[in-house]
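**Q** Mind having a look at this structure? Questions to follow.
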Amino acid sequence: MAIKVLSVASEAVPLIKTGGLADVAGALPAAVEPHGIEMTTLLPGYPTVIAKLNRAREVHKWDNLLGEPARLLSAKHGGQSFLVLDAPNFFTRDGSPYSEPNGKDWGDNWRRFAAFGRAAADLAGGAVKGRRFDLVHLHDWQAAIAVAYMRFAPFAGRALPSVLTIHNMAFQGYFSASVFPGLGLPRTAWSIEGVESYGGVGFLKAGIQLADLVTTVSPSYAAEIRIPEFGMGLEGVVANRGDRVLGILNGIDTREWDPSVDPALAANYTARALGKRSANKRAVEREFGLEGGDGPLFVAISRLTWQKGMDVLPEVLDHLVGNGGRLALLGSGDAAIEQALHAGAARHHDRVSIRIGYDEALSHLMQAGGDAILGPSRFEPCGLTQLYGLAYGCVPVVARTGGLADTVIDANVAALGQGVATGVQFGRVDYHSLASAIGRTIALYRDERAWRTLQRNGMACDFSWSRSGAAYADLYRKLSDEGR
Ligand code: ADP
Ligand code: GLC
């Protein structure tokens, strides 16, 4: 019999995306479906989500969901089943899902996502007639608090098994103790075994503590978060869960990311006809106003943050350009990083070009036209842009951390000798390491045969969802058997 899973996420393609979480939550239902899993995704009703819903039906109403009225809408989109929490006082706002138009976090995020978690827990408990689930899969802090409600203030129904996936330890949903009374949890939840964390309320901490199983999005990151540098204060809670914390690598949606049919490209191609990539390279150069040339075109598609090492990039621009490279960058984030990048672009105006903003179609074209994609992350739970790079023959140049370490084979002497390298990796995220990795990349690029092999090896990698979809389905099956 099919296992019915309620997946709870604050974003999922094709309805709302700010980062990789949306790619993963959006792809998961189709990834597990062949393995007998029926997944429904619960999302907050941001205006962009509600606007995209077609023929939504109201299936439940709350007069008082953490103090506000709310209703639950059910709709199909692209063959997927969605439930959407329409709670205008929480979600009908301009700005991003998490922050005001000026970039500042919404001051009531604790209440907005506590309401979201409360709704998920009600659904899990069977509050909505005709909606029965066997298991709940929570993503990140915005959903993690659901498990506290399931444990400490359950809806009258059956207690369901739960999985929490950590997509990023840096975002913990940590709030002051003063929010606790507003959560509507009993006093017993205020403890080390519950939501209390360093004297405040920790949404992600509660999830790690209480979920039956915790996954993160690569095996290396699952190991890294047991130490302070990556656990960011929660390493002890993670370590305490022992083998109940494990890593399952993200896949990529190969229907969205296939260079042989991608409609965003100037020319479609396969690994056998890599020459056709040059039409895409010209298109990227035109789009970014870069001069043409023989040298490698580096691209970066990224949030402009410390996590992504984007503060180091401006430092290496002179080196990159001095060695014959060019750079096209698409991203947005920290104002100081944007400024430093703009200053670098001004120094090398036809060799470095920066586009601030978010543009899905352009990101596809850049993967198809770029020679190499830069990923100097200080930590990276999984990372998707290097996987898209591999699939598109855009060679990843990445830091050796988390999912980047797990998915790219460095072009060292051994790997080159065996003909198995797929990219370039470097250790520390600083000027010297990045500059030397860029130097190595440019040297490889100049050796046409070696470069083609790197590209073809990458394109031959299978990072589709097939393996990880099966792994999640196995987990769900084990947990629902344990729960019987
Ligand atoms: P994270 O979720 O930490 O930002 P990932 O690599 O997992 O990093 O996922 C980022 C996703 O967002 C990828 O799909 C990437 O292509 C996309 N992305 C990031 N920045 C932009 C941008 N400025 N324009 C278009 N897509 C972007
Ligand atoms: C987070 C991580 C990223 C990961 C994504 C999807 O945003 O920063 O590494 O790929 O989630 O799991």
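What follows draws every value from the coordinates through simple rules; no lab data is involved. This structure is a prediction, so every number in the text was calculated from the model and none was measured. Every residue, glycine among them, receives a Cβ derived from its backbone with ideal geometry; neighbour counts consider all protein chains shown.
**Q** Hey, for a label at ALA223 modelled as a point 7 Å past Cα toward Cβ, could you say which residues of the stretch 372-414 have their backbone N under 12 Å away?
**A** From the stretch 372-414, the list is 401-403, 405-406.
**Q** Kindly provide the helix-only [θ] at 222 nm of the chain, computed as the sum of -39,500 (n - 2.57) over DSSP H runs of four or more divided by all residues, to the nearest 500 deg cm²/dmol? Don't skip to the end; give the middle numbers.
**A** Details: 20 runs with 188 residues, N = 484.
After summing the helix terms and dividing by the residues of the chain, the value is -11000 deg cm²/dmol.
**Q** If you don't mind, there's one more thing I want to ask. Quick one: 3J(HN,Hα) in Hz for the stretch 45-55, Karplus 6.51/-1.76/1.60 with θ = phi - 60°, rounded, Gly and Pro as x.
**A** With the stated coefficients, the stretch 45-55 comes to x, 5, x, 5, 6, 4, 4, 8, 6, 10, 6 Hz.
**Q** Roughly how many nanometres apart are two label points built 7 Å out from the Cα toward the Cβ at ARG452 and LYS52?
**A** 4.0 nm
**Q** What is the local net charge at ALA267, summed over the other residues whose Cβ is closer than 11 Å to its Cβ (Lys, Arg +1; Asp, Glu -1)?
**A** Values: positive: LYS276, ARG277, LYS281, ARG282; negative: ASP262.
Once positives and negatives cancel, what remains is +3.
**Q** List every residue whose amide H lies under 5 Å from the amide H of VAL8, counting only residues 5 or more places away in sequence or on a different chain, with H placed 1.01 Å from N in the peptide plane.
**A** Long-range HN contacts for VAL8: LEU42, HIS137, LEU138, HIS139.
**Q** Follow-up. Reported to two decimal places, what Rg/Rh ratio describes the stretch 113-264 when computed on Cα atoms with Rh from the Kirkwood expression? Numbers along the way, then the final one.
**A** Numbers: Rg = 16.8 Å, Rh = 16.2 Å.
Taking Rh as the inverse mean 1/r over Cα pairs, Rg/Rh reads 1.03.
**Q** Out of the DSSP beta bridges found with both residues in the chain, what percent are antiparallel (nearest 5)?
**A** On the way: 19 of 69 bridges.
About 30 percent, rounded to the nearest 5.
**Q** What does the charge add up to near PHE171, with Lys and Arg as +1, Asp and Glu as -1, over the other residues with Cβ less than 13 Å from its Cβ? Display every interim value, and only then the final one.
**A** Numbers: positive: LYS205, ARG303; negative: GLU11, ASP105, ASP140.
Once positives and negatives cancel, what remains is -1.
**Q** Sort CYS394, CYS461, CYS382 so the one with the fewest other Cβ atoms within 10 Å of its own Cβ comes first.
**A** Values: CYS394 30, CYS461 14, CYS382 26.
Ranking CYS394, CYS461, CYS382 by Cβ neighbours within 10 Å, fewest first, gives CYS461, CYS382, CYS394.
**Q** When N is the residue count of the stretch 271-460, what does its C-alpha Rg come to as a fraction of 2.2 N^0.38 Å? Kindly include the intermediate steps, with their values, before the conclusion.
**A** Working: Rg = 14.8 Å, N = 190, 2.2 N^0.38 = 16.2 Å.
Against the empirical 2.2 N^0.38 Å value, I get 0.92 for the stretch 271-460.
**Q** Taking R0 as 60 Å, what's the FRET efficiency between LYS276 and ASN89 from their Cβ-Cβ distance, rounded to 0.05?
**A** 0.70
**Q** Let me ask something additional. Hey, can you grab everything whose amide H is under 5 Å from the amide H of HIS60? Only 5+ residues off in sequence or another chain; H modelled, so Pro and N-termini drop out.
**A** Hits under the 5 Å cutoff: LEU72.
**Q** Arrange VAL312, VAL5, VAL13 by Cβ neighbour counts within 10 Å, fewest through most, would you?
**A** Numbers: VAL312 22, VAL5 26, VAL13 18.
Going from least to most buried by this count: VAL13, VAL312, VAL5.
**Q** How high is the FRET efficiency between SER178 and HIS342 when r is their beta carbon distance and R₀ equals 45 Å, given to the nearest 0.05? All intermediate terms of the calculation are to be shown ahead of the outcome.
**A** On the way: r = 40 Å, r/R0 = 0.89.
After rounding, the FRET efficiency stands at 0.65.
**Q** Still on this model: Decide, for the stretch 57-184, between rounded, prolate and oblate: order the square roots of the alpha carbon gyration tensor eigenvalues as a ≥ b ≥ c, take rounded if a/c falls under 1.5, and otherwise choose prolate if a/b is larger than b/c, else oblate. Intermediate values should be presented prior to the final figure.
**A** Working: a/c = 1.43, a/b = 1.25, b/c = 1.15.
Since a/c stays below 1.5, the shape of the stretch 57-184 is classed as rounded.
**Q** While we're here: Lys and Arg at +1, Asp and Glu at -1: add these up for the other residues within a Cβ distance under 11 Å of PHE180 and post the number.
**A** Details: positive: ARG187; negative: GLU196.
Net charge around PHE180: 0.
**Q** If you count, for each residue, the other Cβ atoms within 10 Å and average over each peptide, how do 182-188, 143-149, 80-86 line up from highest to lowest?
**A** Working: 182-188: 15.7, 143-149: 28.7, 80-86: 21.9.
Top of the packing list down: 143-149, 80-86, 182-188.
**Q** So, one more: What distance in nm separates the simple spin-label points at LYS104 and MET232, each placed 7 Å from Cα in the Cβ direction?
**A** It works out to 2.2 nm between the two label points.
**Q** When Rg is the radius of gyration of the Cα atoms in the chain and Rh is its Kirkwood radius, what does Rg/Rh come to? It would help to have the intermediate numbers written out before the result.
**A** Values: Rg = 22.8 Å, Rh = 23.2 Å.
That ratio equals 0.98.
**Q** Shifting gears a bit: Have a look at LEU329, VAL284, VAL316 and report the one farthest towards the positive end of the charge dipole of the stretch 269-331, computed about the Cα centre with Cβ charges (Lys/Arg +1, Asp/Glu -1).
**A** So the residue we want is VAL284.
**Q** May I ask you to sort MET150, MET232 by Cβ crowding, counting other Cβ atoms within 10 Å and putting the fewest first?
**A** Details: MET150 25, MET232 16.
So the ranking, lowest neighbour count to highest, is MET232, MET150.
**Q** Same structure again: Rounded to two decimals, what is the ratio between the C-alpha radius of gyration of the stretch 42-82 and 2.2 N^0.38 Å?
**A** Numbers: Rg = 10.9 Å, N = 41, 2.2 N^0.38 = 9.0 Å.
Dividing the Cα radius of gyration by 2.2 N^0.38 Å gives 1.21.
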